[in-house]
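The values are calculated or read from the model by the stated rules, or taken from the named source; none is laboratory data. Since the structure is predicted, the reported quantities are computational estimates derived from the model, not experimental observations. Here the Cβ positions follow ideal geometry from the backbone for every residue, glycine too, while neighbour counts run over all protein chains shown.
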């Protein structure tokens, strides 16, 4: 069980590092300088996270996930009418296909 937990933690760390870098590169560009800056900051946070108390790490992690959620929710609210319109077009197209097949 310990091996499974360690492998899960390691794979989660790798995937979050990748997702974080993709966001960083989108915001600051894809240069070697920005890549190394992100990697250094990420490694520093790994060290801080390993030496901090568990409650502090979980609190910080929760705050960062909340911080990512806010712009996503704003985007969902803004794009909801467009999504509704696209869904209506899609459902109308499906109905036409079903109607054509059954005739």
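Of the residues in segment 48-62, how many are assigned to a helix (DSSP H, G or I) and surrounded by fewer than 10 Cβ atoms within 10 Å (Cβ to Cβ)? Matching residues across segment 48-62 total 4.
Could we say that residue 103 is over 21 Å from the mean Cα position of the chain (by Cα) and modelled with pLDDT of 95 or more here?
no
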